[in-house]
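Engineer: One structure, as structure tokens, below. Some questions next.
Just so you know, all these numbers are worked out from the coordinates, no wet-lab data involved. Here the structure is a predicted model, which means the values were calculated and not measured. Here the Cβ positions follow ideal geometry from the backbone for every residue, glycine too, while neighbour counts run over all protein chains shown.
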Amino acid sequence: MNYSKGASELDKCAHRIHDYATGEVEGWREVAVVCPHCGKNLETSYCEDRVYLVRCQCCKTISIVAGDSPKDAASKIGIVAIPAEDWHEDYGDCLWWHFPIEEPPYLGSPISFDRYGNETVPKWCTHFTPIYIPTEENEL
Ligand SMILES: [Zn+2]
């Protein structure tokens, strides 16, 4: 444990949680929310009083999240498809899917049209995922 010398209490807590939670311990539940980095399903572990650990075993990431359910907590970290009827203008252009997913998504919004006046999102799309604008690497 090289981190213990000169480490703050927060450092020590973070290492204890990371080392323990990425190990082979019981109590994790896979949820239908995917990791935004590798695309594998996230796992959650309930820690009482609405606090969950959310992890990706592939990326070795751990997050501590408050939520109303395992899926609610994991959706604050990962990517989950939102039902089409929940879309509103604040989401802007999104990726649109039809479940079960067998085709690439459409890009657009229910209120946008192509140059021929056709809707950019087919009515049969059932879910969407927001598009997040990344920062440039040199801005980090
Ligand atoms: Zn991952």
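Engineer: GNM, the chain, Cα, under 10 Å: largest mean-square fluctuation among SER112, SER63, SER45?
Structural biologist: For the chain, modelled as a Gaussian network with Cα springs under 10 Å, the answer is SER112.
Engineer: In whole percent, what relative contact order does the chain give with Cα contacts below 8 Å and a gap of six or more residues?
Structural biologist: So the answer I get is 16 percent.
Engineer: Restricting attention to the stretch 1-80, which trypsin sites (Lys or Arg not before Pro) occupy a DSSP loop and are surrounded by at most 16 other Cβ atoms within 10 Å?
Structural biologist: Sparse-neighbourhood loop trypsin sites (Lys or Arg not before Pro): LYS5, LYS40, ARG50, LYS60, LYS76.
Engineer: Output the relative contact order of the stretch 82-139, whole-number percent, from Cα pairs under 8 angstrom with separation of 6+ residues.
Structural biologist: Here the relative contact order equals 40 percent.
Engineer: Which GluC sites (Glu not before Pro) in the stretch 22-113 pass both tests, a DSSP loop state and at most 15 other beta-carbon atoms within 10 Å?
Structural biologist: Here the GluC sites (Glu not before Pro) that fit, given the DSSP loop and packing criteria, are GLU24, GLU26, GLU48, GLU102.
Engineer: Something else: Tally Lys and Arg at +1 and Asp and Glu at -1 over the other residues with C-beta under 11 Å from the C-beta of HIS127: what net charge comes out?
Structural biologist: My count for the surroundings of HIS127 gives -2.
Engineer: Tally the DSSP beta bridges in the stretch 82-139 and give the antiparallel ones as a percent, rounded to 5.
Structural biologist: Of all bridge pairs located within the stretch 82-139, approximately 100 percent are antiparallel.
Engineer: Spin-label point model (7 Å from Cα, Cβ direction): what's the ILE17 to ASN138 distance in nm?
Structural biologist: Each label point lies 7 Å from its Cα, and together they span 3.5 nm.
Engineer: Let me know the longest stretch in the chain that avoids all chymotrypsin sites (Phe, Trp or Tyr not before Pro) found in a DSSP loop with at most 15 other C-beta atoms within 10 Å.
Structural biologist: The longest uninterrupted stretch comes out as 1-115.
Engineer: First select every other residue whose beta carbon is under 9 angstrom from the beta carbon of SER112; then total the charges, Lys and Arg +1, Asp and Glu -1.
Structural biologist: With Lys, Arg at +1 and Asp, Glu at -1, the neighbours total -3.
Engineer: Let me ask something else. With angles folded into 0 to 90 degrees, how steeply does helix 9-21 sit against the dominant principal axis of the chain? Use alpha carbons for both and round to 10.
Structural biologist: Tilt relative to the chain: about 70 degrees.
Engineer: For TYR116 and ILE131, compute 0.36 nm times the residue count separating them, minus their Cα-Cα distance, and round to one decimal in nm.
Structural biologist: Computed gain between TYR116 and ILE131 is 3.0 nm.
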